[in-house]
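Novice: Pasting in a structure now, in structure tokens, and then I'll have a few things to ask.
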Amino acid sequence: MNIEQVRDYTLSLYGVTEDQPFGDDILTFRLEGKIYTLHTCEETGESGDFGEMELFGDLGDAHRSLAQ
């Protein structure tokens, strides 16, 4: 999965925003102001896969609880 696929899916969820509070090479996605994913933006191969991704909680579970 490349960063554009992750970005498209994540931003399709209600209440998710994107920003770069730690510099141009680190992308974060927030739900209700809380960071749920953090990505390094360097490409690591021919497919355009991104560097590293860290998850802080389950974005899907958090999104479902907001929808209720």
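Throughout, read-outs are computed from the coordinates displayed, never taken from laboratory work. Here the structure is a predicted model, which means the values were calculated and not measured. Counting neighbours? That spans all protein chains shown, and the Cβs are built from the backbone with ideal geometry, glycine included.
Novice: Can you tell me which of 23-32, 4-13 comes out highest on packing, and rank the rest after it, using the mean Cβ neighbours within 10 Å?
Specialist: Final packing ranking: 23-32, 4-13.
Novice: Any chance you could run the full-extension gain for residue 12 through residue 34? It's 0.36 nm times the residue separation minus the Cα-Cα distance, nm to one decimal.
Specialist: Working: separation 22, 0.36 × 22 = 7.92 nm, distance 1.67 nm.
Stretched out fully, the residue 12 to residue 34 stretch lengthens by 6.3 nm.
Novice: Taking θ = phi - 60°, what integer Hz values does the Karplus form 6.51 cos²θ - 1.76 cosθ + 1.60 yield along segment 19-24, in sequence order, with x for Gly and Pro?
Specialist: Per-residue couplings from phi come out as 7, 10, x, 10, x, 5 Hz.
Novice: Please compute the length gained on full extension between residue 2 and residue 19, using 0.36 nm multiplied by the number of residues separating them and subtracting their Cα-Cα distance.
Specialist: So the extension gain works out to 4.4 nm.
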